[in-house]
1. Compute the FRET efficiency between B:PHE110 and A:VAL121 as 1/(1 + (r/R0)^6), taking r as their Cβ-Cβ distance and R0 = 45 Å, and round to the nearest 0.05.
2. May I ask for the net charge around B:SER106, where only other residues with Cβ less than 9 Å from the Cβ of B:SER106 are counted and Lys, Arg are +1 while Asp, Glu are -1?
3. With r as the distance between the Cβ atoms of B:GLN223 and B:SER55 and R0 = 56 Å, compute the FRET efficiency 1/(1 + (r/R0)^6) and round to 0.05.
4. For peptide A:189-199, how many partner chain Cβ atoms fall within 10 Å of a residue's Cβ, on average?
5. Which order do peptides B:162-173, A:38-49 fall in by mean Cβ count within 10 Å, highest first?
6. DSSP loop (so not H, G, I, E, B), at most 12 other Cβ within 10 Å: list which chymotrypsin sites (Phe, Trp or Tyr not before Pro) in the stretch B:70-127 pass both filters.
7. Taking the Cα centre of the protein assembly as shown as the origin and placing charges on Cβ (Lys, Arg +1; Asp, Glu -1), which of B:GLY210, A:TYR30, B:ALA9 is farthest toward the positive end of the dipole?
8. Hey, got the dipole for the protein assembly as shown? About the Cα centre, +1 on K and R Cβ, -1 on D and E Cβ, debye to the nearest 20?
Amino acid sequence: MKRLANLPTGILLFILLFVIIFPFAGLPLYFTHTIILIFIWGAVTTAWSYMGRFWMISLCHGAWVGIAAYITVLLFNFYHLSPWVGMWLGLLAVAIAAGVIGYACFRFGLVGHYFAVTTLVVTELVALVIIAFRDITEGRLGITVKPLGTAPLYFQFESKVPFYFMALGLLLLSLYIWRKIDQSKMQKALTAIEEDEVAAASIGINVVRNKTTVAVVSAVIAGMGGVVYAQYIMYLNPVTTIAIGASLAYVFMAIVGGMFTLWGPLIGAIIITGLQEYIRITFGTVLMGWAWVGYGFIIVVMIIFLPKGLYGTLIETLHKRRMQKAARESATP
Amino acid sequence: MLKIEGMGANYGAFKVLHDISLDVADGETVVTVGPNGAGKTTLLRVISGLLKPTSGAIYFDNQRVDGKEPYEIVDIGISVVPEGGRLFPRLTVYDNLKAGSYTKRSRREFKQSLDEIFSSFPILKARQSQIAGSLSGGERQMLAIARTLMSRPKLVMFDEVSSGLAPKVVTNLFELVKRIKSQGYSILMVEQNVRKAIELADHAYLMGSGRLQFHGNKEDFIQSPHIKKAYLGI
C-alpha cells in the first residue's frame with residue numbers, strides 16, 4: 001500500500017511545475033475554472049476516503065460542505081463578518097456536528113448499511129432545515145454572496161488565480177492528511193476495526209474514539225472545500241451542494257478513482273468532473289437528462305467490474321505484472 | 001483477583017443474566033460450564049465491557065471495573081480469547097500479534113512478548129508472514145490465544161475455545177491452556193466440553209438459563225450427582 005503512493009519524484013515535480021504554470025499559460029478561463037472545481041472536489045473526495053477506505057460510507061459529506069459554506073456566507077451577508085473569520089466558526093460547527101453524529105453512530109455500533117443510511121438522513125435533514133428557514137437562507141432559490149469586487153480581506157477576488165492556488169493548497173492539505181493517517185497508528189487501529197469490531201475492542205482498541213476522530217477530520221476538510229467553493233462560485237444552493245445528489249457525487253468520485261489509494265479519489269474527481277463538464281457542454285441542450293443516465297450506467301459498471309476503481313486497478317495490475325516478472329527472472333538464473 | 005457480586009444483564013428488555021456471583025482467585029483456573037443459551041458468552045461479554053451490566057458490581061484487583069469501556073478493561077489486564085478466534089483474517093500472523101499489543105502498557109513490552117510467544121508457539125513464528133485467514137482451524141485458535149497474550153493480561157478468559165474443532169485439535173488446545181495456566185495466568189473459561197474443561201479447573205460453576213446453579217471445587221463438582229448424570233454421562 002505504501003509503495004503505491006510513491007510516484008517517481010521526477011513525475012511529481014513535473015506535475016507540480018505544470019500545475020503552477022497552468023493558470024498563467026493564457027488558456028481559456030473555462031479550463032482554469034474546471035481545474036479549480038477538480039481541486040475542490042478532489043480535496044473533498046480525498047477527505048471522504050479517509051473514512052470510505054475503512055468502509056465507513058458517509059453519505060453526508062454534502063452536509064459538511066454545506067454547513068461550513070452556509071455559516072460562512074450567512075455571517076458575511078448579515079453581519080459583514082469576513083469569511084476569513086467566519087469560516088472558522090463554520091468549521092467549528094461542522095466539527096461539532098460530525099463529532100456528535102459520529103459518536104452517536106459509533107457508540108451504538110451502527111456500521112455498514114446502517115451507518116450509510118443514518119448519514120443519508122443527516123444530509124437530507126440539513127438540506128431541509130436550510131430550505132425551511134428561507135427568510136434567512138433564501139431556501140431553494142439559493143443564496144448569493146454579496147459581491148464586493150476584489151476584496152482580499154473578505155475572501156473575494158475577481159481573478160480566478162487566487163482561488164486556483166487556494167484550491168490547490170486545500171487539495172495538497174487533504175492529500176497530506178491522507179498520507180499522515182495512512183502512516184499513523186490510527187490506520188492500523190481502523191483496519192482492525194474494519195476487519196472485526198469486537199475483536200478490535202477485545203485487544204484494547206478504543207473503537208469509538210478512533211472512528212469519531214477520523215470522521216471529524218474528514219468532515220472539517222470537506223467543510224474547508226465548501227468554504228472555498230462558496231467564495232469562488234459566490235452562490236450556494238441546498239439541493240445542489242448538500243442534498244443526496246451532491247453527497248453521492250463524492251462517493252462516486254472515490255469509487256471511480258479508487259478509494260484505497262492516495263491518488264485514487266483525486267483521479268475520480270478528475271474523471272467525473274471532466275465527464276460532467278464534457279457531457280454538459282457537448283450534449284447539454286440536445287439530450288437533456290440523458291447525460292445523467294449515461295453517468296449512472298458508467299458508475300454501475302465500474303462498481304461491478306472495477307471495485308477498486310480505475311487507478312486502484314491499474315496500480316494493482318502493474319504491481320502484479322512486476323511481481324510475475326520478478327518471479328520469472330528469479331526462476332531462470 | 002476477579003470478583004463478581006450479584007451481577008445481572010439484559011439484552012434490550014430481555015433479562016439474560018440473573019444475580020451472578022463468581023470469584024477467580026490469583027493464579028486460579030475457573031471453568032463455567034452449561035448448555036447452549038445459558039449465558040456463558042454473555043457473562044464474558046459483560047466482564048470485557050462489551051455489554052453493560054444492569055445490576056451488581058465487578059471488581060478486579062479490588063478496583064471496580066463494571067461500566068468501563070472494553071479498551072480500558074484490556075488495559076487493566078483482562079483479555080478474552082473470543083469464540084471462534086475472531087482474527088483479522090486479511091492481516092498476516094505477525095500483524096495480528098502486533099495488533100494484540102495495542103495498549104500503551106503492552107506496546108512497551110512488544111519485543112519481549114513476541115519473543116515469548118514465538119518460543120512457545122514455534123509454528124506461529126514459521127508462519128508469521130502468512131495471511132491469518134489461510135491458517136487451519138487449530139492454528140487460528142492458537143493465534144487467537146497468542147494475540148490475547150500479547151496484550152499482557154493477568155486474567156485470560158476463554159470463550160468456547162474448543163468449539164467447531166476436531167477432537168485431536170481440541171486435546172492439543174487444552175494442553176496449551178494447561179501450559180498457560182502453569183505460567184501463572186489466572187484463567188476464566190466457559191466451555192461446553194465439560195469433561196475436558198473440568199480437568200483443568202480449580203473451581204467450577206454450572207450455569208443454566210442465566211443463573212449460576214451450582215459451584216464447587218473440582219472434586220465436589222465431579223462428585224455432584226446432578227452433574228454426573230447430566231453432563232458427564234456417568
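Any read-out appearing in this document is the output of simple, stated calculations on the displayed coordinates, not a laboratory observation. On a predicted model such as this, the values are computed, not experimentally measured, just so you know. Glycine also receives a Cβ, built like all others from the backbone with ideal geometry; neighbour counts cover every protein chain displayed.
1. Once rounded, the FRET efficiency stands at 0.60.
2. Taking every Cβ under 9 Å from that of B:SER106, the sum is +3.
3. Using R0 = 56 Å, I get an efficiency of 0.95.
4. Mean inter-chain Cβ contacts per residue within 10 Å come to 5.
5. Packing proxy ranking, top to bottom: A:38-49, B:162-173.
6. Listed in order of number, the matching sites amount to none.
7. Looking along the dipole axis, the top candidate is A:TYR30.
8. That gives the protein assembly as shown a dipole magnitude of about 1080 debye.
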